[in-house]
Amino acid sequence: MQSVDYIVILLYIVGIVGAGRMFAGRMKNSKEMFSAGGQSPWWVSGLSGFMTQFSAGTFVVWGGVAYRYGFVAIVINLGYGVAAILVGRFVAGHWRKVGVDSASEFLHLRFGGSVVQFYTWFKGTATLFTMGGGVYALSKIVCVLVPLPVGHLLADPATGYLSVAYCSVALCLMVVLITFIGGLWAVLMTDVLQFVILSVSVIFVVPLILMEAGGWSSFLNKAPEGFMSPVAADFTWWFITGWMIVNFFNIGAEWTFVQRYLCVPEAKDARKSAYLFGGLYLVSPILWMMPPLIYRVLNTEADSEQAYILACQLVLPAGMVGLMVAAMASATASMATTRLNVFAGAFTTEVYHRVMNKAASEERLVFVGRVATVVLGGVVLSGALLIPKYGYTSFLISINALLNGPLMLPTLWGLFSRKIGLGAVWTTILAGFLTAFLVKFGLSSDGFLADIALLQPLIELIEANKRIVDLTAGILLPLIILTTLELRGKGEHPGWQRVMSKEKAFCAAPTLKSSTLPGKMVVVSLAVISTVMIGLALINREESGLLISFAVVLAAIAGTLHILMRRAG
């Protein structure tokens, strides 16, 4: 990167933190801090949900898959879109109609306090630890662009580039700062802003990298055999179908996504936000995955996890590379800040308020929420430093495939079923965890059961079909357990009536109105970035045409949003 790229990154980060500071005055109570007061516009919630699924991990994990295997990476990401559309049709509206402020509040009403404490402590720390992998992914992208002199304090001696560990620490501090200052409002606003920046950047990158490869026909001629196949290696149709189902559970019940359905005024807004999320994922992967896919024919020796940013660096002018990196940082920050906000809220309400200090004032709860944000930020940092030792791509896919079903499906089931109770939840979770432990640590080629001759055929089968086995265990087992308990259940569980009472109270309450503040902040931010790009065009005359085009597109989006908001108002 050139000096102008560093200036753009610095300005972008300062701007994002400053914008988050604008929302600090709204943090008068815990509901404002953790659910945006139920006043988020549906389109803001939908874009935020999209970007919650999206992060630098998308560029590293699926960008790496695109570089190695080709079109299959696009097909896998389209599965997120199908899952989100189904959530919009069947689940999102139900979440809002219940009238709770968080998924943890629903679980407390439906199943009682013990399962909420488990989810808060285990899921909170595990999710944030995993989120550290996203921070690592971004650090790896950034560091490959920052060569340093030999012996430099911040350099990695093995590579000569900025140390991934030091970069991870800096990014974690930025994530904590944004969440600490502005709460969910700041998270929502930054999600929308970096969605626009990343989308426009990629729209510019695709034709430029395609021209670099000599056009579409030239790319197809040079691509490896089977590169445009919808399936490849162990990413089979069975895997893709199972991945879609697992992510239906995840998008429908994971606390960070549920928060997107709860922070809007009405059930119809929750459905629309999920539809927007899904619709974007049915279109955008075709654009997102093209740069590393095409880059394969330009450089066959690249580190697959760095292929995405190397493709961008090859074709983007100085200034836009910095903006792309800054937007990737913001994407990862938004994913991390979302999870930090949700689980800081859970620890504040379910552990501190409900167990430790029931008489705490709202001012006190906001303070505790900010302390929890800082502490949990340390968990994210731990993940960023430790996950690379396992292998980020393998870790992410294995965790999601094995554990999302047992953890998420009981929540979804309880949203619709009158019968199941706390016993069903614990049975599903414990059985799922035991199965995951046996599959990963017992029935692997080097597992503690590997020496038992009788189990050798099973171990060989699992080794040959790791991804399918993970998904099968994560989907079928919890489905079988919950279906069996549902059929054997008699009568209505008391928790169902508590949920219905909450729903009636919410329906009787006045409907809130969506806030226009996030939209206004995005318009101003886009206008500022557009102005900066025009300034860079005056400095960098060689690439002025591309920079001015980029600035004009951002200004047009800002103007369109401004007009739409004025008409809506």
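Derivation of every value follows stated rules applied to the coordinates shown; laboratory data play no part. Just so you know, these numbers come straight off a predicted model, no measurement behind them. Ideal geometry is used to build each Cβ from the backbone, glycine not excepted, and the neighbour counts take in all protein chains shown.
Given a Förster distance of 45 angstrom, what is the FRET efficiency for residue 212 paired with residue 268, based on the Cβ-Cβ distance and rounded to 0.05?
Approximately 0.50, to the nearest 0.05.
Taking 0.36 nm per residue of separation and subtracting the Cα-Cα distance, what length does fully extending residue 449 through residue 173 add?
Between residue 449 and residue 173, full extension yields an extra 95.1 nm.
What's the FRET efficiency of residue 148 with residue 418 using the Cβ-Cβ distance as r and R₀ = 45 Å, to the nearest 0.05?
Once the sixth-power term is evaluated, E becomes 0.15.
Could I have the simple spin-label model distance between residue 287 and residue 460, label points 7 Å from Cα toward Cβ, reported in nm to one decimal?
It is 4.9 nm.
Computed FRET efficiency, Cβ-Cβ of residue 552 and residue 14, R0 35 Å: what is it to the nearest 0.05?
0.90
How many angstrom separate the Cα center of the stretch 262-282 from the Cα center of the stretch 82-105?
Using only Cα atoms to place each centre, the spacing works out to 9 Å.
I want to check the label-to-label distance for residue 233 and residue 520. Put each point 7 Å from Cα in the C-beta direction and report it in nm to one decimal.
Going from the residue 233 label point to the residue 520 one covers 4.9 nm.
Going by how many other Cβ atoms sit within 10 Å of their own, how do 204, 433, 347 line up, fewest first?
Fewest-to-most ranking of 204, 433, 347: 433, 204, 347.
Tell me, 284, 104, 229 in order of fewest to most beta-carbon neighbours within 10 Å?
229, 284, 104
Sorted from fewest to most neighbouring beta carbons within 10 Å, what does the list 68, 418, 96, 566 look like?
566, 418, 68, 96
Could you check the spin-label model distance between residue 300 and residue 313? Points 7 Å from the Cα along Cα→Cβ, value in nm.
With each label point 7 Å from Cα toward Cβ, the separation is 2.2 nm.
With the cut-off at 19 Å, tell me which of the pairs 97/272; 123/504; 97/502; 97/490; 123/272; 123/358 have Cα atoms farther apart than that.
123/504; 97/490; 123/272; 123/358
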